[in-house]
Each structure stands twice: as C-alpha cells, then as structure tokens.
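Following: one structure in structure tokens, then a few remarks.
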Amino acid sequence: MAKISHHKRLTIVPASADVGDDDGLDTAIELSASLISRLREVLDRSDQPVDHIACVLTTRPGEAHEPAVQAARSIVGALTLERGRRVRINLLVTHDESAGEVGETLELLDGDHGGFFAGSTFDLRRTA
C-alpha cells in the first residue's frame, strides 16, 4: 500500500523594505513573526496532520531581504530539530514562485527520498 503524504505549502512574501529599514531588520522581524504564526497554525491542527511543510519565500531582486532569509532559515532549522522525524520542514527561497525550479524542488521533497533533505534551505534565486 502506498504511503499517503500530507503536505502543506506556505507562501511567504516579505513586505517591501521601508525607507528607514536600510538593513532589512524590520522586515526580518515582521517576516519571522508571520512565519512562526503560520507554522504554528499548521502544526497545531490535529484534524489535518502534515508530514511535510514547504515554506516558499519569494523575495524581490535588489531589496535588502537577506536578514529575512536568514531568520526564516533559522526558524526552519529549529523546528526541524524540535519536531524530529514527525514532520519535514524546508525553505525554498526564490525571486519567482512560479519558476520551474520551485516545482521540481517540491517534487523532489515530496518524493521517496525527501526525508533526506529535512530542514534544508534551497536558494533558487538567480544572480545576474
């Protein structure tokens, strides 16, 4: 009998950096609070258990989002350690959520060997 996979995809788009937020710290704090809240909501729902959560963080080229990316990476890593094998959590960082690489990576993560990548971050942003 085939294993039934229960997965959830969370799309995260950080707010545009404010003029006074040159270092991206305010954006990182806001994104962290939102990500933690959304992950808690998914993980605490006993009526809809999940075994894989893919967090897709879409950034805009040229904006100071690196602190937000690092914050999200830390949250995913910490939750992976906390939850162990009960749920796999991954972070995909991209400039374009509809890019083919995002779909291919999600297929890999939902595949038979996806557990090998638990807690991993996949940076799919293209550099010029």
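The values are calculated or read from the model by the stated rules, or taken from the named source; none is laboratory data. Just so you know, these numbers come straight off a predicted model, no measurement behind them. Because the Cβ atoms are built from the backbone with ideal geometry, glycine has one as well, and the counts that use them run over all protein chains shown.
Restricting region 72-128 to residues that are closer than 22 Å to Thr27 by Cβ and among the hydroxyl-bearing types (Ser, Thr, Tyr), the residue that is modelled with the lowest pLDDT is Thr127. For region 1-21, a residue qualifies if it is β-branched (Val, Ile, Thr) and at pLDDT 70 or above, and the qualifying residues are Thr11, Ile12, Val13. Within region 22-43, being assigned to a loop (DSSP other than H, G, I, E, B) and either buried (at least 17 other Cβ atoms within 10 Å of the Cβ) or at pLDDT 85 or above (or both) holds for one residue alone: Gly24.
State yes or no: is Asp51 surrounded by fewer than 16 Cβ atoms within 10 Å (Cβ to Cβ) and acidic (Asp, Glu)? I'd like the intermediate steps shown before the answer.
On the way: surrounded by fewer than 16 Cβ atoms within 10 Å (Cβ to Cβ): no; acidic (Asp, Glu): yes.
It is false that Asp51 is surrounded by fewer than 16 Cβ atoms within 10 Å (Cβ to Cβ) and acidic (Asp, Glu).
Scoring Gly119 on the criteria (1) assigned to a helix (DSSP H, G or I); (2) at positive phi leaves a single failure, condition (1).
Would you check which residues across region 68-99 are among the polar types (S, T, N, Q) and either touching a His at 6+ places or on another chain (Cβ under 8 Å) or free of Cβ contacts under 8 Å to residues at least 40 places away in the same chain (or both) and list them? Steps first, please.
We begin by selecting, within region 68-99, every residue among the polar types (S, T, N, Q); these are 70, 74, 80, 90, 94, 98.
Scanning region 68-99 gives Ser74, Thr80, Asn90, Thr94, Ser98.
Taken over region 59-93, the residue count meeting the criterion of being in contact with a Leu (Cβ under 9 Å, 6 or more places away or on another chain), polar (S, T, N, Q) and over 16 Å from Asp110 (Cα atoms) is 0. Of all residues in region 83-108, those satisfying the criterion of being surrounded by 11 or more Cβ atoms within 10 Å (Cβ to Cβ), more than 12 Å from the chain's Cα centre (by Cα) and farther than 22 Å from Pro61 by Cα are Arg83, Val87, Leu108.
Test Glu104 against the criterion of being assigned to a helix (DSSP H, G or I), of a type in the set (Asp, Glu) and under 17 Å from His7 (Cα atoms), and give yes or no. It would help to see each step written out before you state the result.
Numbers: assigned to a helix (DSSP H, G or I): yes; of a type in the set (Asp, Glu): yes; under 17 Å from His7 (Cα atoms): yes.
So Glu104 passes the test.
Could you tell me whether Gln48 is under 12 Å from Thr121 (Cα atoms) and polar (S, T, N, Q)?
On the way: under 12 Å from Thr121 (Cα atoms): no; polar (S, T, N, Q): yes.
No: the conditions fail for Gln48.
Across region 51-67, the number of residues qualifying as out of contact with any His (no Cβ under 9 Å at 6 or more places or on another chain) and either among the hydroxyl-bearing types (Ser, Thr, Tyr) or in a strand (DSSP E or B) (or both) comes to 2.
Of all residues in region 108-122, exactly one satisfies the criterion of being touching a residue at least 40 places away in the same chain (Cβ under 8 Å) and of a type in the set (D, E, K, R), namely Asp110.
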